[in-house]
Amino acid sequence: MNGGNGGNGGDNDETWDGEPEGRTYLTTAMPRPLVVRGNRALAAGINPQDDGQNQPEINLLAYWHVLVKHRLVIAGAVGVMLILGLIATLLTTPVYRASTTIQIDREAANITNIQDVTPDDSRNVEFYQTMYSLLKSRSLAKRVVQKANLASDPQFMDQRQPSLLDSIGRVFGRKPRETAPLTGTRERRERAATGILAAGLSVDPIRNSRLVKISYSSPNPVIAARIANAFGENFITANLDRRFESSNFARGFLEEKLRESKQKLEDSERALVAYAQDQGIFNLSAANAGAPGGGSSEGTATTSLTATDLLSMNTALSTAKSERIRLEQRWRQAQGASGLSIPEVLQSPTIQALRQQQANLNAQYQQQLVQKLPDHPDMLQLKGQIDEVDRQIKAEIENIRQAIYQSYQIALKQENSLQSQVSGLKAGVMDLRGRSIQYNILQREVETNRTLYDGLLQRYKEIGVAGGVGANNVSIVDRAETPRAPYKPNMMLNLLIAAGVGLLLGLGAAFGLESLDETIKVPEDIEGKLGMPLLGAIPMLDKGVTPEEALADPRSAFSEAYYSVRTALQFSTNEGVPRNILVTSARPSEGKSTTSVALAKNFAKLGMNVLLVDSDLRNPSLHRTLRADSSAGLSNYLTGSATLIELAQATDQPNLAFIPCGPLPPNPAELLAGARIRALIAEAQQHFDLLIIDGPPVMGLADAPLLASSVAGVILVIEAGTTRQGLAKAALRRLGLGHARVLGALLSKFSVKHAGYGYGYGYGYGYAYNYEYGSNDTKKLGRGKG
């Protein structure tokens, strides 16, 4: 056998009497020793207490086992729900549904025509949500009731859907309860009819379109079509009414605003005119408009008379200043230049004539000077004429200078006069501007009020009596027709729902039962719930088969399970199988005695000298199983009246000796607490290779903890499906009080079928024989199913 876990590698062929030679048994688990100290279980390489770092994993196989185990509960729940669903479907009154399709265009009324002040609903999703809410509103349902007079229609008011109890009563011959006649005021009947309409109405927008389907459900198909069409028609009418009411409200609103705006305009105009008259403000544009101090209706700037005069005088001042500068330059040029270099002198006709006369006289004087002397009377006369012309020229030049000077002085005086006038006008304009601040404020107020009044007046003229009623944004696309077949109940859908509910209930019941069941059921519970190694799982025997018969057949699953336990014990410690082992259980009848006998025989078949001791001094049973004499036994040894060699009895199994319980003592706990039990173990180790003690149950007695404190290893037998988790843990705690070394647990009476395993441990135990011998007759040999 290849043992890779216990450190004893290599092949080891195990043979014994009555077993096929060369057969190899491989353990299903390689446990390591578990040392129990107090209330803690510390295993080599196994920590039963999670430190929180290792997160639990989802074990789908465990869930599958739970489902297989409780498959009848799940199937029963599904079956019951299917039957209930079928009955409910057959007894449910058929309901008909009629649908009307309408189209809603995205549109929003813009009464005041004021943009960017309020959001446009036609651009928002809220518009359609509002329309859907209006379709479902109670006011629309009440309108349908009133328009169609449904409150007085007995066919509509009596369309109560029979309940399931009524249907069941009708099956058993019971008459359904009659609908009480609806009495009371019309308001009460309308309120009841409105509730009936709201209960049967459904509004379903068609995705990615502007179409909406209005559906109504009723046991009467004619009423269903009638109500669906009535909802569509009344919704259109109600929409038109709302638009008309909105137009009337807008007219009243605008009329009120026009009165307020007109009054404000008149008040502001009066205030403007009164202020202009009081301050003496007169604008040219206002004069053109015919209103003193009034503003221009065109919005142009107004100009006062003072400002106009200032503008004219300023222009004249600029001209006079330019003229004065030009004349001043002429005067300065005339002062600094000689007489004949002045342009005005050269351009003067008088000067030109005098100079011509002077030139003629000078020429005549020069001609006669040749003939006459300068003192000649003729020459003196010419000389006098020439001097007179020179005097006249100088006098004319001086006159021209005086004329230039006079022109300069006149321009200077004119400039000074204009400058004084401009200065006076500037002061007047500045004073007018100071007084015009309030005037401009009043004028702007007048213009604002006039603009607002004109806009409201224009909008008021645009609103007609129809108020846009003709442009409705809701229209009917398809009218509802009388349905020919009911839309519910849907047999297939109801059965699927019933099956789903039944499956959920079944699963809940299965896992609920599983969670309430605290028993150790499967081998995984040994390590998962108890935190201890699993030595093996012993299958439950078929009805009528005794453990002796199953052990007698070496090829049975029962025998092979104990072969696996034997192999696991060989790897339980570093030294192999402990020299002395106590087999116990939490409570009686869990299979510990059968386990003791089976292990003793299996180790004896390996050639080991094995001593089996029945230490249950209260309820012994091994002497009946081995058909041995129980007149003397362990109790005699513990009291010192016999030796081990005298008490050991041979059995039909070679290499196996047996010491029965002997006479039942009155004080078993005192005998087991003495030193004789340790002496028995020490003496047995001298004469035998292995000592196996069949001990009493742990719970309720002090015997097992006393024995556990004296042996090298303890095997705890747990019955599958019976022993509770709390009981097994309590047994471990009691063993821990005696400082026991628990090698592991053995799960007895394990039923693969009842535990919910489709393939399980039975397959593992029977596989070796089938593989080696090719036998398929497993039922005849008592092995579990694969």
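Rolling a 1.4 Å probe over the protein heavy atoms leaves ARG555 with an accessible area of roughly 80 Å².
Averaging the sequence gap over all C-alpha pairs within less than 8 Å and six or more residues apart, then dividing by the number of residues, gives region 606-744 a relative contact order of 27 percent. Summing Lys and Arg as +1 and Asp and Glu as -1 over all other residues whose Cβ lies under 14 Å from the Cβ of LYS592 gives a net charge of -3. For GLU328, the accessible area of its heavy atoms, probed at 1.4 Å with every protein chain present, is near 40 square angstrom. Sequence-distant contacts, meaning Cα pairs under 8 Å at least 6 residues apart, place the relative contact order of region 340-484 at 19 percent. Among the chymotrypsin sites (Phe, Trp or Tyr not before Pro) found in region 388-490, those both in a DSSP coil and sparsely packed, with 15 or fewer other Cβ atoms within 10 Å of their Cβ, are TYR487. So, with a 1.4 angstrom probe, what is the percent of accessible area on region 196-259 that is carbon and sulfur? The nonpolar share, carbon plus sulfur, comes to 54 percent.
Computed over all pairs of different Cα atoms, the Kirkwood value for the hydrodynamic radius of region 418-537 is 27.0 Å.
Can you work out the accessible area per residue across region 716-756, with the rest of the protein chains kept in place, probe 1.4 Å, in square angstrom?
On the way: 1430 Å² over 41 residues.
Accessible surface, normalised per residue, equals 35 Å².
For region 421-563, the fraction of 1.4 Å probe accessible surface lying on carbon and sulfur atoms is 60 percent.
The accessible-area ordering, largest first, of the residues HIS70, HIS376, HIS739, HIS687 stands as HIS739, HIS687, HIS376, HIS70, per a 1.4 angstrom probe.
Computed with a 1.4 Å probe over protein heavy atoms only, the accessible surface of region 597-704 comes to 39 Å² per residue.
How big is the dipole moment of region 611-721 about its Cα centre under a simple scheme where the beta carbon of each Lys and Arg is +1, that of each Asp and Glu is -1, and everything else is neutral? Debye, nearest 20, please. Walk me through the numbers on the way to the answer.
Values: 5 positive and 11 negative charges, 26 e Å.
Around 120 debye, computed over region 611-721.
Legend: residues ASP278, ASP153, sorted from most to least accessible area (1.4 Å probe; ligands, DNA and RNA excluded), read ASP278, ASP153.
Net charge dipole, region 332-434: roughly 400 debye, given to the nearest 20, about the Cα centre with Cβ charges of +1 for Lys and Arg and -1 for Asp and Glu.
When the Cα positions of ASN619, ALA604, LEU656 are compared along the charge dipole of region 558-701, ASN619 comes out farthest toward the positive end, with charges on each C-beta of Lys, Arg, Asp and Glu.
The alpha-carbon of LYS136 sits under 18 angstrom from the alpha-carbons of these lysines, leaving out residues fewer than 8 places away in its chain: LYS147, LYS213. For region 332-439, the alpha carbon positions stretch 97, 20, 18 Å along the principal axes, listed from largest to smallest.
The values are calculated or read from the model by the stated rules, or taken from the named source; none is laboratory data. In this text the structure is predicted, and so the values were computed from the model without any measurement. Using ideal geometry, Cβ is built from the backbone for each residue, glycine included, and neighbour counts are taken over all protein chains shown. Only protein heavy atoms, including side chains, enter the accessible area calculation; ligands, DNA and RNA are left aside. Shrake-Rupley method; radii C 1.70, N 1.55, O 1.52, S 1.80 Å.
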